[in-house]
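Written below as structure tokens is the structure these notes are about.
The values are calculated or read from the model by the stated rules, or taken from the named source; none is laboratory data. Since the model is a prediction, treat every value here as computed from it, not as a measurement. Please note: Cβ atoms are built from the backbone with ideal geometry, for glycine as well, and neighbour counts cover all protein chains shown. The area values use the complete protein model at the heavy-atom level, side chains included, leaving out ligands, DNA and RNA. Shrake-Rupley method; radii C 1.70, N 1.55, O 1.52, S 1.80 Å.
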Protein chains: 2
Amino acid sequence: MSTNQFTSQSRGQYESKAYSAMGPTSLLVPTSISRREPGDNDIKIDILFCGICHSDLHQVRNEWSAMPTVYPCVPGHEIIGRVTNVGSQVTKFKPGDLAAVGCLVDSDGNCPHCQAGLEQFCSQMTLTYNSPDAHLGGVTYGGYSDSIVVKEHFVLRVPSNLDLAAAAPLLCAGITTYSPMRHWGVTKGRKVGVVGLGGLGHMAVKFAHALEAHVVVFTTSLNKKVDAHRLGADEVVVSQNNEDMKRHASTFDFIIDTVSAEHDVNALLQLLRPDGTLTLVGAPDRPHAVSAMALLFNRRNLSGSLIGGIAETQEMLDFCSKHNITADVEVIPIQKVNEAYERLARGDVKYRFTIDMASLKSQ
Amino acid sequence: MSTNQFTSQSRGQYESKAYSAMGPTSLLVPTSISRREPGDNDIKIDILFCGICHSDLHQVRNEWSAMPTVYPCVPGHEIIGRVTNVGSQVTKFKPGDLAAVGCLVDSDGNCPHCQAGLEQFCSQMTLTYNSPDAHLGGVTYGGYSDSIVVKEHFVLRVPSNLDLAAAAPLLCAGITTYSPMRHWGVTKGRKVGVVGLGGLGHMAVKFAHALEAHVVVFTTSLNKKVDAHRLGADEVVVSQNNEDMKRHASTFDFIIDTVSAEHDVNALLQLLRPDGTLTLVGAPDRPHAVSAMALLFNRRNLSGSLIGGIAETQEMLDFCSKHNITADVEVIPIQKVNEAYERLARGDVKYRFTIDMASLKSQ
């Protein structure tokens, strides 16, 4: 234990209720975790709702070789709650305010990326869970808990007109789909494709529609057609239908691909007009087979995107407030989290689970 | 034969000496081809030099399934010559002027791409060879010939300070490497990678150096180190050296990948900083295996690029004039073209072949 950690610890800790996994094949079970008492720049939040993200499941099951899981693991990075305490230097929040926390809880603050509001690129960034915890040692613990303490800069304001349970997934599914659309210039009249209609895809459709793009949903079956239109799609294309795919060749400005299963990205690249971009936000286990020719013709781009910076996350929440956008959620008590993981793994949710954290408090 | 073609043909034709292939396994042999007499907007050019591009070899051997070769095939799209006749509507050229022709000889002129000076994206564009010839029927014939007739808009001015033989490859190898650097913002102080040091790569090094970037050449062997530095590289990295590759991780603004052989693009993607771009200008036969994760982190881009528009090609020639840039060429008589193809196929040229067309005229 370093001196630095001791100093931080000397501020004091408290115990917080949580659900954690003890190993890659363990169920999530009730536990108690240590949180730091808020420092001068910290905000303590009473967690009301926490969305369940597919990342939670991957991390709990230790499915990412690049980010091995440290157990016990308390997942959750789609956090909505109410401020209970603030440190002496906190200026933007007071007890009683609504507050949200997404995927990031710290970064170095000084690097060019942080200075540009792109904390997601900071080499020193701290993820909300499973990242080294500079205050208490070990790793950070996420939002499947009754409270959390976070540095003010990483706490978002929650517009008061949003349904809180349905707003929780905005903190990851929302920003993950909103950010690349803004980055690649989705605006009125642009032709935008959304590949896959799950947790990420359904948010992408809502955002693209609100941005007044012409929205085309690509799906593997027509079962989702009615829902796609309800969410804001102008057209629905079954991606196995070669005739339909041909009809759309070289016409899209932007396509967001939310699919994590293996699939043919070349067929999607062919749909892009000159200088069009296909952005991946899902990551299949195996590499995509990408035809260089599909990129050379029309000077097409294949890019990736992961969450967004803090300023843009706030912008997204404010955009949601203005356009009355939230996720379509199924609210569950935390006691059903393991069942929800099973259903999530087989795609059986429309479109995100949110945990009502009152269920943890009363446990 | 359509009425339209008859009308065009009624302008008259003349015979031009050329070298053509009669089939995918045939050698290039002397022949005579029909050219149209110049129309009102046309320029007739006496060809002095024609570069040999790897595309010539692919097309002659019918190696592109998407663009089947029509025989006889007269390749060549790196053309430098002197104007001999101009049509009545031609304003920018007069007999005696130097002139150049690249990969394009026509487009519809009215579509948004043409209007934006991006003729390479026009769905009606006519390539310099093996494209349907709207004037004479059949396909267009390229620059392995003693003359060519081209619409004024597609004829470039040749700065007088450039060596003509060495300038020929600028019309394809030059613009192919210059265009993506301009498009992706290569400027002073940017860190730029060049993968592969062949015909395209050696031009990329010269351009990146002239644009005052920090230029790093990636090669498979250190044999090319001295030459890379001579051409303008600041550093040379052997791409199989994992330690060197790691040292450069997440530091590049832009990488141009000129390699047509199969290779690992993920190792290159890892070198890009946030929002960095890897542009492919070579096209391996088999798809690249691309890790989605490599793109997601740092919001990286994988893009392609193919030649450039007419205005940008002129800009490139003027840039070459200012910075005294030409290709490193080995000048051959056309009688050695088949031998040159064999050497090109095994990478035995530093760095481009240019045919001295005087050898055809005296044949």
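Scan segment A:297-316 for residues that are within 7 Å of another protein chain (Cβ to nearest Cβ) and outside any helix (DSSP H, G or I) and report the count.
Applying the first criterion (within 7 Å of another protein chain (Cβ to nearest Cβ)) to segment A:297-316 yields A:297-306.
Still in the running and outside any helix (DSSP H, G or I): A:300-306.
Qualifying residue count, segment A:297-316: 7.
Only one of (1) surrounded by 15 or more Cβ atoms within 10 Å (Cβ to Cβ); (2) outside any strand (DSSP E or B) fails for B:GLY23. Which number is that?
(1)
Yes or no: segment B:258-265 includes at least one residue that is away from every other protein chain (no Cβ under 14 Å) and among the β-branched types (Val, Ile, Thr).
Taking segment B:258-265 first, the residues away from every other protein chain (no Cβ under 14 Å) are none.
No: zero hits.
Quick check: anything in segment B:320-342 over 23 Å from B:VAL237 (Cα atoms) and either of a type in the set (Lys, Arg) or at pLDDT below 95 (or both)?
For segment B:320-342, residues over 23 Å from B:VAL237 (Cα atoms) and either of a type in the set (Lys, Arg) or at pLDDT below 95 (or both): present.
Can you pull out every residue in segment B:286-324 that is open to solvent by 30 Å² or more (accessible area, probe 1.4 Å) and of a type in the set (S, T, N, Q)?
B:SER291, B:SER321, B:ASN324
From B:SER20, B:SER8, B:SER26, B:SER34, which residue is modelled with pLDDT under 95 and either over 22 Å from B:ASP163 (Cα atoms) or not assigned by TED's automatic domain parsing to the domain that holds B:THR126 (or both)? Let's see the steps before the verdict.
On the way: B:SER20 fails: modelled with pLDDT under 95; B:SER26 fails: modelled with pLDDT under 95; B:SER34 fails: modelled with pLDDT under 95.
The unique qualifying residue is B:SER8.
Please indicate, with yes or no, whether at least one residue in segment B:208-218 is under 20 Å from the mean Cα position of the chain (by Cα) and in a loop (DSSP other than H, G, I, E, B).
Yes, segment B:208-218 contains at least one residue that is under 20 Å from the mean Cα position of the chain (by Cα) and in a loop (DSSP other than H, G, I, E, B).
Cβ-Cβ below 8 Å, separation at least six or inter-chain, first residue in segment A:115-136 and over 15 Å from A:HIS77 (Cα atoms) and of a type in the set (A, V, I, L, M, F, W, C), second open to solvent by 20 Å² or more (accessible area, probe 1.4 Å) and in a loop (DSSP other than H, G, I, E, B): which pairs?
A:CYS122/A:ASP108; A:CYS122/A:CYS111
Only one of A:HIS202, A:HIS113, A:HIS183 is out of contact with any His (no Cβ under 6 Å at 6 or more places or on another chain) and open to solvent by 40 Å² or more (accessible area, probe 1.4 Å); which? So that I can check it myself, show each step before the final result.
On the way: A:HIS202 fails: open to solvent by 40 Å² or more (accessible area, probe 1.4 Å); A:HIS113 fails: open to solvent by 40 Å² or more (accessible area, probe 1.4 Å).
The conditions single out A:HIS183.
Residues to consider are B:THR128, B:THR140; find the one that is more than 19 Å from B:GLU312 (Cα to Cα) and either open to solvent by less than 10 Å² (accessible area, probe 1.4 Å) or at pLDDT 95 or above (or both). Talk me through it step by step, then tell me what you get.
On the way: B:THR128 fails: more than 19 Å from B:GLU312 (Cα to Cα).
Being more than 19 Å from B:GLU312 (Cα to Cα) and either open to solvent by less than 10 Å² (accessible area, probe 1.4 Å) or at pLDDT 95 or above (or both) holds for just one of B:THR128, B:THR140, which is B:THR140.
What single numbered condition from (1) under 15 Å from the mean Cα position of the chain (by Cα); (2) in the same structural domain as B:ARG36 (by TED's automatic domain parsing) fails to hold for B:LEU136?
(1)
Within segment A:40-71, how many residues are without any contact (Cβ under 8 Å) to a residue 60 or more places away in the chain, over 30 Å from A:LYS350 (Cβ atoms) and of a type outside the set (Ser, Thr, Tyr)? Give the derivation first.
Pass one, segment A:40-71, residues without any contact (Cβ under 8 Å) to a residue 60 or more places away in the chain: A:40, A:58, A:61-66, A:68, A:71.
Checking which are over 30 Å from A:LYS350 (Cβ atoms) leaves us with A:40, A:65-66, A:68, A:71.
Adding the requirement that they be of a type outside the set (Ser, Thr, Tyr) leaves A:40, A:66, A:68.
Here the count works out to 3.
Can you pull out the residues in segment A:270-286 that are closer than 15 Å to B:VAL290 by Cβ and either more than 9 Å from every other protein chain (Cβ to nearest Cβ) or at pLDDT below 95 (or both)?
Answer for segment A:270-286, where residues must be closer than 15 Å to B:VAL290 by Cβ and either more than 9 Å from every other protein chain (Cβ to nearest Cβ) or at pLDDT below 95 (or both): A:LEU278, A:GLY282, A:ALA283, A:PRO284, A:ASP285, A:ARG286.
Mind listing just one residue for me: the one in segment A:147-176 that is in a loop (DSSP other than H, G, I, E, B) and open to solvent by 30 Å² or more (accessible area, probe 1.4 Å) and, of those, nearest to A:ASP106 (Cα to Cα)?
So in segment A:147-176, the residues in a loop (DSSP other than H, G, I, E, B) come out as A:155, A:157-163, A:172.
Right, trim to open to solvent by 30 Å² or more (accessible area, probe 1.4 Å) and you get A:157, A:160-161, A:163.
Values: A:ARG157: 17, A:SER160: 25, A:ASN161: 28, A:ASP163: 27 Å.
Step by step, filter segment A:147-176, then rank; the result is A:ARG157.
Does segment B:279-293 contain any residue that is part of a helix (DSSP H, G or I) and free of Cβ contacts under 8 Å to residues at least 24 places away in the same chain? I'd like the intermediate steps shown before the answer.
Quick first cut of segment B:279-293, residues part of a helix (DSSP H, G or I) only: B:292-293.
Okay, now just the ones that are also free of Cβ contacts under 8 Å to residues at least 24 places away in the same chain, so B:292-293.
Yes; the residues of segment B:279-293 include at least one that is part of a helix (DSSP H, G or I) and free of Cβ contacts under 8 Å to residues at least 24 places away in the same chain.
Results for (1) touching a Pro at 6+ places or on another chain (Cβ under 7 Å); (2) within 24 Å of B:ALA294 (Cα to Cα); (3) not small (Gly, Ala, Ser), shown as yes or no for each residue.
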| residue | (1), (2), (3) |
| --- | --- |
| A:MET67 | no, yes, yes |
| A:PHE93 | no, no, yes |
| A:MET125 | no, yes, yes |
| A:GLY138 | no, no, no |
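Here are the criteria: (1) within 14 Å of chain A (Cβ to nearest Cβ); (2) crowded, with 18+ Cβ neighbours inside 10 Å. Tell me which single one B:ALA233 does not satisfy.
Only one criterion in (1) within 14 Å of chain A (Cβ to nearest Cβ); (2) crowded, with 18+ Cβ neighbours inside 10 Å is unmet by B:ALA233, namely (1).
For the structure I just gave you, tell me whether A:GLY143 is within 15 Å of the chain's Cα centre (by Cα), closer than 20 Å to A:SER16 by Cβ and in a loop (DSSP other than H, G, I, E, B). Please lay out each step first, then the result.
Values: within 15 Å of the chain's Cα centre (by Cα): yes; closer than 20 Å to A:SER16 by Cβ: yes; in a loop (DSSP other than H, G, I, E, B): yes.
For A:GLY143, the condition - within 15 Å of the chain's Cα centre (by Cα), closer than 20 Å to A:SER16 by Cβ and in a loop (DSSP other than H, G, I, E, B) - is met.
Would you be able to tell me the number of residues in segment A:237-267 that are crowded, with 21+ Cβ neighbours inside 10 Å and out of contact with any His (no Cβ under 7 Å at 6 or more places or on another chain)?
9
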